[in-house]
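No value in this document is a laboratory result; all are computed from the given coordinates. The model shown is predicted, which means the values in this text are computed figures rather than measured ones. Cβ: placed from backbone, ideal geometry, glycine included. Neighbour counts: every protein chain shown.
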Ligand SMILES: C[S@@+](CC[C@H](N)C(=O)[O-])C[C@H]1O[C@@H](n2cnc3c(N)ncnc32)[C@H](O)[C@@H]1O
């Protein structure tokens with residue numbers, strides 16, 4: 001009994017000491033994160049974009065992601081919710097308020113009735129236009145977990161624009177159509193497909209914003225998995241960037257990118273011209289491309305080349321260039 005009491009006292013004493021310690025170190029800790037963000041910003045100034053990942057979990061004690069959209073900033077909490085993470089998260093918010101002039105949006109995991117969900121901080125909608133390589137995109141910083149522009153695909157977008165002149169481009173799982181916009185501006189006739197009507201409208205908004213003639217392009221709201229079976233037209237370029245997992249009410253069967261990769265790739269290859277190229281990308285961290293695909297087609301692993309300099313997480317996505325063996 002007496003041993004227990006002593007150990008409780010000892011534990012309490014330790015907590016008090018830790019709290020005292022944390023307060024004493026807060027200014028120094030604040031400098032750690034502040035200096036890192038400032039250093040990153042300096043390095044990233046040369047990027048011709050208003051949408052930049054300025055902090056990518058660089059310091060393990062600060063497991064957060066920070067992206068800048070013009071003057072505004074979004075912070076994602078990627079920590080496991082421990083006390084120390086919370087304190088560091090608050091410090092990071094303070095630092096962001098000091099560095100960035102605009103609005104601050106926080107995407108924070110919160111335990112809700114046993115499940116983990118993201119909560120949005122603002123209820124009013126906050127949309128704005130940002131420019132990337134002089135191409136404009138609408139982003140929504142308030143209403144979704146994602147902003148409408150995945151910054152990790154910036155190098156892929158540039159590559160697709162470069163290869164688009166006179167081509168037919170199929171963009172599957174197109175989301176807000178950022179890859180489609182680059183392709184259209186590069187001279188491709190683009191077919192954009194997504195299951196979500198909201199994202200197809202958003203893609204059209206992005207086309208309009210860049211003064212692209214909608215009549216020359218095609219937007220389809222459909223399940224890509226179904227569409228792939230029924231389409232017979234041929235394309236020169238296909239961009240295939242499915243989610244890791246999908247089990248929407250609109251689909252008969254669940255979908256998992258690694259399990260269903262043969263189906264996806266073989267169908268895309270069926271729709272590809274002999275000299276065409278399929279770019280297959282996935283964000284699944286443990287993804288392995290099947291040997292059945294490697295043995296049947298030419299496969300070039302572009303994963304590292306396709307990661308922009310503002311990302312420190314080198315496993316953010318895998319990307320493969322797949323073509324027919326000649
Ligand atoms: C990973 S994002 C694609 C990112 C996009 N390629 C880009 O670079 O911005 C996932 C998208 O897939 C769409 N989606 C999920 N399952 C789908 C399906 N079976 N058919 C069509 N679209 C689907 C979602 O609506 C969402 O827009």
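For the chain, the normalised intensity computed at q = 0.07 Å⁻¹ comes to -0.35 (log10 of I(q)/I(0), Debye sum over alpha carbons, equal scatterers, no solvent). The angle separating the long axis of helix 2-44 from the principal Cα axis of greatest extent in the chain is about 50 degrees.
When DSSP beta bridges are restricted to pairs lying wholly in the chain, around 60% turn out antiparallel.
If you take the square roots of the eigenvalues of the alpha-carbon gyration tensor of the range 150-323 and sort them as a ≥ b ≥ c, do you get rounded (a/c under 1.5), prolate (a/b over b/c) or oblate?
Here the range 150-323 falls in the rounded category.
Here the relative contact order of the chain, from alpha carbon pairs under 8 Å that lie six or more residues apart, stands at 12 percent. Each DSSP beta bridge with both residues in the range 120-221 is either parallel or antiparallel, and the antiparallel ones are about 40%. The C-alpha atoms of the chain define a longest principal axis, and helix 83-99 lies at about 70 degrees to it. Given their separation in residues at 0.36 nm each and the Cα-Cα distance between them, residue 232 and residue 48 gain 62.4 nm when the chain is fully extended.
Dividing the radius of gyration of the alpha carbons in the range 237-326 by their Kirkwood radius gives 0.98 for Rg/Rh.
Which of 33, 220 comes first, and how do the rest follow, when ranked by fewest Cβ neighbours within 10 Å?
On the way: 33 22, 220 16.
Least crowded to most crowded, the residues run 220, 33.
Against the chain, whose longest principal axis is taken from its Cα atoms, helix 261-270 shows a tilt of about 30°.
The packing ranking of peptides 73-81, 180-188, 222-230, highest mean first, is 180-188, 73-81, 222-230, where packing means the average number of other beta carbon atoms within 10 angstrom of each residue.
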